[in-house]
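Here the structure is laid out as structure tokens; the discussion comes afterwards.
The values are calculated or read from the model by the stated rules, or taken from the named source; none is laboratory data. As the structure is a prediction and not an experimental result, all values here were calculated from the model. When we count neighbours, we look across all protein chains shown, and the Cβ atoms used for this are built from the backbone with ideal geometry, even at glycine. All accessible areas refer to the heavy atoms of the entire protein, side chains included, with ligands and DNA or RNA removed. Shrake-Rupley method; radii C 1.70, N 1.55, O 1.52, S 1.80 Å.
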Amino acid sequence: MTATPPRREAVVAAARDSIRIGSKSFAAASTLFDARTRERAWLLYAWCRACDDIADGQDMGHDAQIVADPAAALARIRGQTDRALAGEWTGEMPFDALHIVAEETRMPHRFAHDLIEGFALDARGWMPRTEQDLMQYCYHVAGAVGCMMAVVMGVDPEDDATLDRACDLGLAFQLANIARDIEADDRIGRCYVPMDWLVEMDIPPGQHMKPPFRPRLTVLARRLAARAALHEASARQGTPALGFRSAWAVLSAAHIYGAIARTVARRGDHAWDHRAGTGKLEKLGWIVRALGESTVRRRLHAPEPRPDQLWTRPR
């Protein structure tokens, strides 16, 4: 039975609270959107955040725990998401938020399903063997979100060239997160550094956080940061297709998350002594810089083909 339709204003307010608690970086960038785009970004975030929390047994992105029944968690995500995309009200704010944003933007349902496939990989205890595996995972858990955000910002769902650039930004974010969270992921039995890379560095399976292997792990973390930088640079090329305020938000987010990857690379063997992040003043500095860049984005980012060597999302 479909729940009673909620007031849009109430769902937006709850979604706004969700992003304020769950992601200070995304919250800061979202303030740069026009009012309607900002609300839709909050709605989409609320759904993504809730799915991630259900899948990882965490609260607003923090204190992840091993989930006792990952199959049940995944089934709940799939079931409520399918109901929301079918136009039903679920009675759960995050899924009703997806209902609203998907209906208002003509969001292709495949992107939501692609994201859930990322949660399914985690539910199976999957870990990447190759760089190709890693990039496929990054697409499912972040690149697909980049595509959804592009649609929220008004990009035509059929504009594959711009969606590719939006996907690149999601890939850059996820690669930065993986580099930053290697130690935190290890604590819950996960490793997203490809096994091929570990073998290359002669690091035994499951031993990558042991002190003797720290310098070798640092090499791999810097490799992740370098891959993130390539996709971040490609994502910037998509900003001329966006409106001014959306481009400002995207460039701000690129700077803020890019700083995380650069911090991990700069810290070297001490990258995981405490969690890499950006402070309020640093975020403000990046936002101000992005303001200038967004005004001249068509000159800074003249049209050019997307680099062939970059991993490309599935069609």
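Heavy-atom accessible surface of Asp96, to the nearest 10 Å², is about 10 Å², with a 1.4 Å probe and all protein chains retained.
Taking all protein chains as they are arranged and a probe of 1.4 Å, the heavy atoms of Glu92 leave approximately 50 Å² accessible to solvent.
What does the helix-only formula give at 222 nm for the chain: each DSSP H stretch with n ≥ 4 adding -39500 (n - 2.57), the total divided by the residues, and the result rounded to the nearest 500 deg cm²/dmol?
Working: 15 runs with 205 residues, N = 315.
For the chain, the value works out to -21000 deg cm²/dmol.
Enclosing the Cα atoms of the chain in their convex hull gives a volume equal to 122 cubic angstrom per residue. Taking a straight line from the alpha carbon of Lys24, these aspartates and glutamates sit under 15 Å away, with near neighbours fewer than eight places off in the same chain left out: Asp59, Glu282. Projecting the Cα atoms of Pro204, Ala142, His274 onto the charge dipole of the chain (Cβ charges, centred on the Cα centre) puts His274 farthest toward the positive pole.
In nm, what is the difference between 0.36 nm times the number of residues separating Arg110 and Val219 and their Cα-Cα distance? Write out the running numbers ahead of the final one.
Details: separation 109, 0.36 × 109 = 39.24 nm, distance 3.57 nm.
35.7 nm is the gain from fully extending Arg110 to Val219.
Sites listed here are trypsin sites (Lys or Arg not before Pro) in the stretch 71-118 whose DSSP assignment is loop and whose Cβ has at most 12 other Cβ atoms within 10 Å: Arg106. Among Gly189, Gln132, Pro108, which residue has its Cα furthest toward the positive end of the charge dipole of the stretch 98-218, with +1 on Lys/Arg Cβ and -1 on Asp/Glu Cβ? Result: Gly189. Charge dipole (Cα centre; +1 on Lys/Arg Cβ, -1 on Asp/Glu Cβ; no other charges) of the chain amounts to roughly 1020 debye. Only the Cβ atoms of Lys and Arg (+1) and of Asp and Glu (-1) were treated as charged; on that basis the dipole of the stretch 206-315 about its Cα centre amounts to roughly 120 debye. Net charge dipole, the stretch 142-275: roughly 660 debye, given to the nearest 20, about the Cα centre with Cβ charges of +1 for Lys and Arg and -1 for Asp and Glu. With all protein chains in place and ligands, DNA and RNA left out, the 1.4 Å accessible area ranks Met209, Met127 as Met127, Met209, largest first.
Taking all protein chains together and a 1.4 Å probe, the residues His274, His99 rank His274, His99 from largest to smallest accessible area.
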